[in-house]
Amino acid sequence: MRKNIVAGNWKMNKNLQEGLDLVKELQSAVFGKTLKCDVVVCTPFVHLASVSGLIDKNKVKLGAQNCADKVSGAYTGEVSAEMLASTGAQYVILGHSERRAYYGETSVTLSEKVKLALANKLTPIFCIGEVLAEREAGKQNTVVKTQIEEALFDLSADDFGKIVLAYEPVWAIGTGKTATSAQAQEIHAHIRQTVAAKYGQTVADNTSILYGGSCNAGNAKELFANPDVDGGLIGGAALKLDTFMPIVEAF
């Protein structure tokens, strides 16, 4: 059965001490509670090793926000999947719309990153989604299908089954706009059908698909009630405990 997951993407926020303080608060908040979802914190690279030493990974999982598309070598400033795994990270966000838009990441690059993450036993949270012009033109289904096909469909069924997908309507990230519950369910169902057409219904049914567009305490419960929405990839609301925990507890 697929997992329910609430993952916090801190993006480029929190210095090291601020990050450690937030993780301590989160660890205390989940202690002794029976949660109905996995909780993941995806921190900046420089936080990973320190955060890893603080958390009980039975309660809070650790993720990174990117990895290199190379194994190792003379790539100044890059961080490899092996390095991430050595810190105790369990997840890595790949293909986030900000990486695609600002740093020119392509499906070819992302395919390599996914393979390296899997080779190092990291779970990719692979992001897909359309921009506003594509949504207004009714192209959202084609866009997400193409993004999945180009980057992931050369994987074996076994390897694909180790991936978490995150649908992020780019037009809803940080804008205060959110897809309606019905819009979220419609495209999440389409994504699952896309996976089923390639790998079969069992693989599709076991793939967690997260919603990643301005999910917050006010709309999380309605979004997560949809049969094909398995949690959220949370941005701004993940930066404070009092806005993140209500999302975790929305299941």
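Taking the Kirkwood radius as Rh and the Cα radius of gyration as Rg, segment 115-187 has a ratio of Rg/Rh equal to 1.03. Protection proxy ranking of 67-73, 111-117, by the mean of other Cβ atoms within 10 Å over each peptide's residues and highest first, is 111-117, 67-73.
In debye, nearest 20: dipole of the chain around its Cα centre with unit charges on the Cβ of K, R (+) and D, E (-)?
380
Rg over Rh of segment 1-147, using C-alpha atoms and the Kirkwood radius, what does it come to?
0.99
Our coupling estimate for segment 194-202, obtained by passing each phi through the Karplus curve with A = 6.51, B = -1.76, C = 1.60 and θ = phi - 60°, is 4, 5, 4, 5, 8, 10, x, 5, 5 Hz, Gly and Pro reported as x.
Working value for the chain: equivalent-ellipsoid semi-axes of 25, 22, 17 Å, each the square root of 5 times a Cα gyration tensor eigenvalue, largest first.
Rounded to the nearest Hz, the phi-derived 3J(HN,Hα) couplings of segment 85-97 under the Karplus curve 6.51 cos²θ - 1.76 cosθ + 1.60 (θ = phi - 60°) are 4, 5, 7, x, 5, 10, 10, 8, 6, 10, x, 4, 4, where x marks glycine and proline.
Residue exposure proxy: L155, L54, ordered by other Cβ atoms within 10 angstrom of their Cβ from fewest to most, comes out as L54, L155. Spatial offset of segment 149-221 relative to segment 2-67 amounts to 22 Å, using the alpha carbon center of each. Just so you know, the averaged projected area of the alpha carbon convex hull for segment 49-128 sits at 5.6 nm².
Each value in this text was obtained by applying a stated rule to the coordinates, not by laboratory testing. Being a predicted model, the structure only gives us computed values, none of them experimental. All Cβ positions, even for glycine, are placed from backbone atoms using ideal geometry, and neighbour counts span all protein chains on display.
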